[in-house]
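The structure is given below, and queries will be raised subsequently.
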Amino acid sequence: MLIKRPADIHPSEITPEAIYRARRQFVGSAMAVAGLAGLGLSPFAVVAEGKLPGLRPGPFGTDEAKTPLKDVTSYNNFYEFGTDKSDPARNAGSLRTRPWTVAVDGLVKKPGTYDIDTLLKLAPLEERVYRLRCVEGWSMVIPWAGYPLNELIKRVEPLGSAKFVEFTTLHDPAQMPGQRSGVLDWPYVEGLRLDEAQHPLALLAFGLYGDVLPNQNGAPVRLVVPWKYGFKSAKSIVRIRFVEKEPVTTWMKAGPREYGFYSNVNPEVDHPRWSQGRERRIGEFFKRKTLMFNGYGDQVAQLYTGMDLRKNF
Amino acid sequence: MAAVPSPRQLAGIKAALFAACLLPLAFLIYGIVTDTLGANPIEALTRGLGDWTLRFLLLTLLITPLRRLTRRPWLIQLRRMLGLYAFFYAVLHMTSYVWLDQFFDWGEIAKDVVKRPFITAGFTAFLLLIPLAATSTNAMVRRLGGKRWRSLHRAVYAIAILGVLHYWWLVKKDITQPAIYAILLAVLLGMRVFWRLQETRRGTPAVRLQS
């Protein structure tokens, strides 16, 4: 005798893949947080929501050894979270990266406010392994995840009058404890000439080492301009504005004789207080020679043809 | 009058102080060996040694006000050791810069000394420390005579000021730390100026009458 039994699980009871994956992730992060808390550690590192999907290798790579993730995430200049290099890793846990929007406005045909998750999907994500040279004389090699800034610029259609792009970091002392001190004039503002911003090397980055950006590295979205000193690459960006005049950046205000608008990596032009001829690659014992435009001269030198780089430091 | 330690007690105090002054170095070495000085251990080591040079300089300068304020004249017997430790950490700080940071690139070092004000200040302070360390023995005090020895060792005031400037000019923007050292130094030097003025006010007329 054949007894027909109903299917054990009704189709409507089956959890869709997207939902159960999200749950697993939530439980996973919750357990990780609890685990770290149990160990007496601050869960600052557990802001990542996992691997960035569909990451493809991008151009301009280097075969130089990558700086270990531990160093990339524990040795940071991000004054919004304190001026010591170990401060950001310690304090950036208070930054909330969702919800997050980036206003893109100024001299463009199509201004708009982008939700971070929309921005993330605007163009295919690439892994770009770039050298990072800090104005203080140290350097790293970091595998970023992002897409060319120009992908965004194309979509908003800058007007003919737009000559510069200004980037503004979040200003919220409640989330960014370093902003409670007046060490810099908040919010942090950086800028690029429009053609620099459109250069294929200029990256809008959302991640590093295949994961979303840790907070201390400028989550949820930052700029990476590898031929300029690190401070030019604004972090935790909330506004991108197209303007006619050269923006006055935060570091230009803080030290006009020490930090210029261009701030291209240049071993010939010393910082007034220290040499820029050499650098210490994090993890290496011997200093290495600093390369013109941080080794990206073939790509970017033509941007500065006929320009006095000593005067326009 | 506060109690004066017996010679045996004083020897014990000195031995304890001697060991305590080596602790910062021990911690830094431990950090290097266990790789816990962060991503840039050479910078952390050089900075750490510099911090302690400055701290020992200030501790040395603290002895005179301390013995006056607490009425414990015997404290003077600890001053030489603290001063020599300041020199010891300065030598290590310098070695770390010349060896680990610049790797004996004398051309680059010479350029630094001439062109970088913060290094010029630090280097000058270091040079000035050498004769003070060299004349720290009892025999040298006798050879120079107390008066000349004292005027030579007043260079420590200039050294401490140069040391703070060295730190101040190195810092990129957040001057909190060097400002703390500057304030402490200003207090230590200010007390001396204050006492000197008081003595002059009381003492000068008498001296004038005599001469």
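Just so it is clear, none of the values below were taken in a lab; they were calculated from the coordinates. Being a predicted model, the structure only gives us computed values, none of them experimental. Positions of Cβ are backbone-derived with ideal geometry, glycine not excepted, and every protein chain shown enters the neighbour counts.
Mind ordering A:246-254, B:152-160, B:97-105 by average Cβ neighbours within 10 Å, highest first?
A:246-254, B:152-160, B:97-105
Next question. Quick check on packing: order A:99-110, A:160-171 by the mean number of other C-beta atoms within 10 Å, highest mean leading.
A:160-171, A:99-110
Of B:137, B:120, A:62, how do they rank once you tally other Cβ atoms within 10 Å and put the fewest first?
Ranking B:137, B:120, A:62 by Cβ neighbours within 10 Å, fewest first, gives B:137, A:62, B:120.
Something else: Taking every residue in A:266-277, how many Cβ atoms of other protein chains lie within 10 Å of its Cβ, on average?
The shielding value for this peptide is 3.
As I understand it, the value is the acute angle between the Cα axis of helix B:41-70 and the longest principal axis of the Cα atoms of chain B; what does it come to in degrees, rounded to 10?
10
In whole Hz, what ³J(HN,Hα) sequence does region B:87-97 give by Karplus (6.51, -1.76, 1.60; θ = phi - 60°), x for Gly and Pro?
Coupling constants for region B:87-97: 5, 4, 5, 5, 4, 5, 4, 5, 4, 4, 5 Hz.
Within 10 Å of each Cβ of A:210-216, how many other protein chain Cβ atoms are there on average?
0
By how many nm would the segment from residue B:27 to residue B:98 grow when fully extended, if each residue of separation counts as 0.36 nm and the alpha-carbon distance is taken off?
My answer for the length gained is 23.4 nm.
Mean separation of Cα pairs under 8 Å and 6+ residues apart, divided by the residue count of region B:1-138: what relative contact order is that in percent?
Result for region B:1-138 is 23 percent.
Okay, next question. Any chance you could give the angle, 0 to 90 degrees and rounded to 10, that helix B:106-115 forms with the longest Cα principal axis of chain B?
The angle comes out at about 60 degrees.
Moving to a separate point now. Among the lysines, which fall within straight-line cross-link reach of residue A:235, defined as a Cα-Cα distance under 16 Å, with same-chain neighbours fewer than 8 residues apart omitted?
Counting by Cα, and skipping residues close in sequence, residue A:235 has these lysines nearby: A:85.
If you don't mind, there's one more thing I want to ask. For a Förster distance of 51 Å, can you work out the FRET efficiency between the beta-carbons of residue B:8 and residue A:270, rounded to the nearest 0.05?
0.35
Going 7 Å from the Cα of residue A:311 along its beta-carbon direction, which residues of region A:222-253 have the amide nitrogen within less than 13 Å of the resulting point?
Under cut-off, by backbone N: nothing.
A follow-up question, please. Starting from the amide H of residue A:126, placed 1.01 Å from N in the peptide plane, find each other amide H under 5 Å away whose residue is 5 or more places distant or on another chain.
Those lying under 5 Å, H to H, from residue A:126 are A:56, A:146, A:147.
Could you work out, residue by residue across B:169-179, how many beta carbons of other chains sit within 10 Å of that residue's beta carbon, and then give the average as an integer?
Average per residue, whole number: 4.
So what J values fall out for region B:181-196 if you push phi through Karplus, 6.51 cos²θ - 1.76 cosθ + 1.60 with θ = phi - 60°, rounded to Hz, Gly and Pro as x?
Per residue, the Karplus-derived 3J(HN,Hα) values read 4, 4, 5, 4, 5, 4, 5, 4, 6, x, 4, 5, 4, 4, 5, 4 Hz.
Near residue A:154, which lysines are there with a Cα under 18 Å away, not counting those fewer than 8 places off in the same chain?
Within reach: A:109, A:110, A:121, A:163.
Kindly rank A:276-284, A:52-60, A:83-91 from highest to lowest mean number of other beta carbons found within 10 Å of each residue.
A:83-91, A:276-284, A:52-60
Within region A:142-178, name every residue whose backbone N is under 15 Å away from a label modeled 7 Å from Cα of residue A:123 along the Cβ vector.
Flagged as within label range: A:145-158.
Related question: Explain nothing, just compute: Karplus ³J(HN,Hα) = 6.51 cos²θ - 1.76 cosθ + 1.60, θ = phi - 60°, for every residue of region B:20-33 in order, whole Hz, x for Gly and Pro.
Using θ = phi - 60°, the values come out as 4, 5, 8, 4, x, 5, 4, 5, 5, 5, 4, x, 5, 5 Hz.
Cut-off is 10 Å between beta-carbons; in what order do A:258, A:151 appear when sorted fewest neighbours first?
So the residues, fewest neighbours to most, are A:151, A:258.
Quick check: from the Cα gyration tensor, does region B:60-199 come out rounded (a/c under 1.5), prolate or oblate?
Here region B:60-199 falls in the oblate category.
In whole percent, what relative contact order does region A:138-294 give with Cα contacts below 8 Å and a gap of six or more residues?
Relative CO of region A:138-294 lands at 27 percent.
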